[in-house]
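Some notes on the structure that comes next.
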Amino acid sequence: MKCITVEYLNKAAKKPEGFIAEGEKMYSEQLREAADKIFEHRADKPIVLISGPSGSGKTTSAMRVAADLKSRGCHSHVISMDNYFLPLKKDIELHGKDNIDYESPERLDIELFHEHLEKLSRGEEIEVPGFDFAQQDRIPGMKLLRGEGDLVILEGIHALNPLVTGDSDDYTHRIYVSVRTRIQEGEELLHPSKIRLMRRLMRDKLYRGRDQAETFEFFKSVERGEDLYIMPHKHRANFDIDTFIEYEPSVYRDILLPELEKTAQTYSGYSEFADIEKFLRLLTPTDKKYVPEDALIREFIG
């Protein structure tokens, strides 16, 4: 686990353009190394599985790997495993209204996913389902036929769980992405999960209309799900990508602090998350105008 000091971040933030360029370079180099191996073995391993906990940057990482492969003349189809969620009414039928575990891999249509994974490996056509989150129901999807030399990239929190992916190791590459860097000030450390939580706070407000207190409450069950269903399988990855971008907490500072100050006054469980505010206050802010449009953190800040 890497540590980076507040002192270093504040020094680097004095030259924001160089600070951001270096952070993007470090992230891109990790993805490029993975893409090298994926491209080399594309004939016998045409499926790429990308997993990671909430807020780890799975979607952007999948798209960036696909872009890297495209630059080499290799076309990729990127699919979110969220498309394979069971309709809520089916979930209730299987588990009962009061027993639904929203973080469990059993929320996915595992039987259909197994079938599609095997067909994709053989180059057979499938119909990828769609999912309407507002209605919690399946909707029409799209037909997908992997052409000769094409790759399929599937990203989702359960992409390394063998319950979901079955016996697919022989024809898949597996990538685990997460924040693996701690921020340090003296003897105090900010855990990587708090970086991911910062990302969620911004994304939930921007795209899901949740206030910070709702996100804090929801994150407790998310962490439980990560411990049960995601972390036990990360050792199965062929590639382990640290998606911490050095400049990101400096960008988040002025976005998050004003609302954190308000939440601190109204949310009774705030003390559990107060270290986020404490560390952000120590940082020199970096204006988000410097952040590239294809940067990972655009997934969270818009």
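The values are calculated or read from the model by the stated rules, or taken from the named source; none is laboratory data. Source: prediction; values computed, not measured. Cβ sites come from the backbone with ideal geometry, for glycine too, and all protein chains shown count toward neighbours. Ligands, DNA and RNA are excluded from the accessible area calculation, which covers all protein heavy atoms including side chains. Shrake-Rupley method; radii C 1.70, N 1.55, O 1.52, S 1.80 Å.
In the set (1) among the charged types (D, E, K, R); (2) without any contact (Cβ under 8 Å) to a residue 24 or more places away in the chain; (3) assigned to a helix (DSSP H, G or I); (4) closer than 23 Å to Gly302 by Cβ, Lys220 fails one condition alone, (4). The criterion of being closer than 30 Å to Met63 by Cα, in contact with a Leu (Cβ under 7 Å, 6 or more places away or on another chain) and in contact (Cβ under 8 Å) with a residue 12 or more places away in the chain does not hold for Leu296. Exactly one residue out of Leu151, Leu145, Leu120 is over 27 Å from His233 (Cβ atoms), among the aliphatic types (A, V, I, L, M) and either open to solvent by 20 Å² or more (accessible area, probe 1.4 Å) or in contact with a Lys or Arg (Cβ under 7 Å, 6 or more places away or on another chain) (or both): that is Leu145.
Quick check on the stretch 90-109. Is at least one of its residues closer than 22 Å to Arg224 by Cα, without any contact (Cβ under 8 Å) to a residue 60 or more places away in the chain, out of contact with any Ser or Thr (no Cβ under 8 Å at 6 or more places or on another chain) and small (Gly, Ala, Ser)? For the stretch 90-109, residues closer than 22 Å to Arg224 by Cα, without any contact (Cβ under 8 Å) to a residue 60 or more places away in the chain, out of contact with any Ser or Thr (no Cβ under 8 Å at 6 or more places or on another chain) and small (Gly, Ala, Ser): present. Residue count for the stretch 40-62, restricted to those that are among the charged types (D, E, K, R) and surrounded by 24 or more Cβ atoms within 10 Å (Cβ to Cβ): 1. The residue that is modelled with the lowest pLDDT, among those in the stretch 69-97 that are surrounded by fewer than 20 Cβ atoms within 10 Å (Cβ to Cβ) and over 25 Å from Glu115 (Cα atoms), is Lys97. Please enumerate the residues belonging to the stretch 161-186 that are open to solvent by 40 Å² or more (accessible area, probe 1.4 Å), assigned to a helix (DSSP H, G or I) and under 23 Å from Gly55 (Cα atoms). If the condition is that a residue be open to solvent by 40 Å² or more (accessible area, probe 1.4 Å), assigned to a helix (DSSP H, G or I) and under 23 Å from Gly55 (Cα atoms), then Pro162, Leu163 are the ones that fit.
Can you work out which of the residues in the stretch 260-270 that are touching a helix residue (DSSP H, G or I) at 6+ places or on another chain (Cβ under 6 Å) and part of a helix (DSSP H, G or I) is most open to solvent (accessible area, probe 1.4 Å)? If we take residues in the stretch 260-270 being touching a helix residue (DSSP H, G or I) at 6+ places or on another chain (Cβ under 6 Å) and part of a helix (DSSP H, G or I), then Ala264 is most open to solvent (accessible area, probe 1.4 Å).
Against the criterion of being charged (D, E, K, R) and not in a helix (DSSP H, G or I), Asp240 qualifies. Is at least one residue of the stretch 188-198 farther than 29 Å from Cys3 by Cβ and within 17 Å of the chain's Cα centre (by Cα)? No, because not a single residue in the stretch 188-198 is farther than 29 Å from Cys3 by Cβ and within 17 Å of the chain's Cα centre (by Cα).
Assessment of the stretch 228-245 against the conditions (among the charged types (D, E, K, R), farther than 30 Å from Ser168 by Cα and open to solvent by 50 Å² or more (accessible area, probe 1.4 Å)) yields no matching residue.
Of the residues in the stretch 115-129, at least one is in contact with an Asp or Glu (Cβ under 9 Å, 6 or more places away or on another chain) and of a type in the set (Ser, Thr, Tyr).
When Glu106 is tested against (1) of a type in the set (D, E, K, R); (2) modelled with pLDDT under 95; (3) in contact with a Lys or Arg (Cβ under 8 Å, 6 or more places away or on another chain); (4) open to solvent by 30 Å² or more (accessible area, probe 1.4 Å), exactly one condition is not met: (3).
For the stretch 42-52, filtering for residues that are of a type outside the set (Asp, Glu) and more than 26 Å from Pro232 (Cβ to Cβ) leaves 3. Within this structure, Ile20 fails the test of being closer than 30 Å to Gly141 by Cβ, open to solvent by less than 70 Å² (accessible area, probe 1.4 Å) and not in a loop (DSSP other than H, G, I, E, B). Counting the residues of the stretch 224-254 that are farther than 13 Å from Lys288 by Cα and either free of Cβ contacts under 8 Å to residues at least 60 places away in the same chain or among the hydrophobic types (A, V, I, L, M, F, W, C) (or both) gives 11.
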